[in-house]
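Quick notes on the structure that follows.
The values are calculated or read from the model by the stated rules, or taken from the named source; none is laboratory data. Predicted model only: the values in this text are computed from it and were never measured. As a convention, Cβ positions derive from the backbone with ideal geometry for all residues, glycine included, and neighbour counts pool all protein chains shown. These area figures cover heavy atoms from the full protein model, side chains too; ligands, DNA and RNA do not enter into them. Shrake-Rupley method; radii C 1.70, N 1.55, O 1.52, S 1.80 Å.
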Amino acid sequence: MNRLLILVLCVAFSSIFAFAQGGKAASYNDMLGKLKGGDLTIDFKALRFAYADQTPTESRTADPKLQVQMVNLLKEKKFKDVIKIAETIQKTNFVDMSSHMIAALAYEGIPDLKKSKFHEAIYVGLVNSVLKDSDGNSPKTAYHVIAVAEEYVVLNALELKRGTQAVETVDGHNYHVQTANDKATNEVVKVYFNIDKIQPSLAAVPKS
């Protein structure tokens, strides 16, 4: 697990709108097709953002029950069942990071090392697409996410244990500020995530 961790005129305007929407979909489908075909050189950030542009916020996070089920089945070494759930999630949300990480572990357990390495590479590519060119230390250098679930995966990948969460608006942009603890030193750190691509009602912090 640690090995995996270390490491988105009416007729005229209607036509233009349809073309623009079709262009976005084609772009996403094109990148997705290349990735599924084994091309790991695609732009993972562009893939995630294209997916977000055509998918409602509430559809970008896998069913939590399925996530828990996958983890439990993995502990029970029921690898084929784990893979079935991962594939179900990826049919509608191929950029779900957790499903690829868990699929990699399941394929390793079968073992099918080729598929394990493939899903591990996708997981790493997705996570690195968030981390690249940012450090999360401030609003200006915040990590850009398309779903709250990505925040938790990134924190885990950075070996940080999540604690409290707050919402901030700076210069017209919205952020989640995660207060977390370093798993090794217990040092308290604040990590900024840009949540402009997340629907406001789904980005609010629940009142305790």
Check your understanding: aspartates and glutamates within cross-link reach of K140: Cα-Cα under 20 Å, excluding same-chain residues under 8 positions apart?
Key -> E150, E151, E168, D171, D196
Point to revise | Heavy atoms of E187 accessible to a 1.4 Å probe, total area in Å² rounded to 10 | key: 110
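Please report the net charge: other residues with Cβ closer than 10 Å to the Cβ of T61, K and R +1, D and E -1.
Numbers: positive: R60; negative: E58, D63, D96, E150.
Summing Lys/Arg as +1 and Asp/Glu as -1 gives -3.
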Point to revise | segment 86-194, accessible area per residue, ligands and nucleic acids excluded (1.4 Å, Å²) | key: 47
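Using a 1.4 Å probe and counting only protein heavy atoms, arrange Y192, Y175 so the residue with the most accessible area comes first. Mind dumping the intermediate values first?
Working: Y192 35, Y175 15 Å².
Listed by decreasing accessible area, they come as Y192, Y175.
So which of K36/K77; K132/K183; K45/K161; K91/K115; K45/K190 end up more than 19 Å apart by C-alpha? Intermediate values should be presented prior to the final figure.
Values: K36/K77 26 Å; K132/K183 22 Å; K45/K161 24 Å; K91/K115 17 Å; K45/K190 23 Å.
Violating the 19 Å Cα-Cα cut-off are K36/K77; K132/K183; K45/K161; K45/K190.
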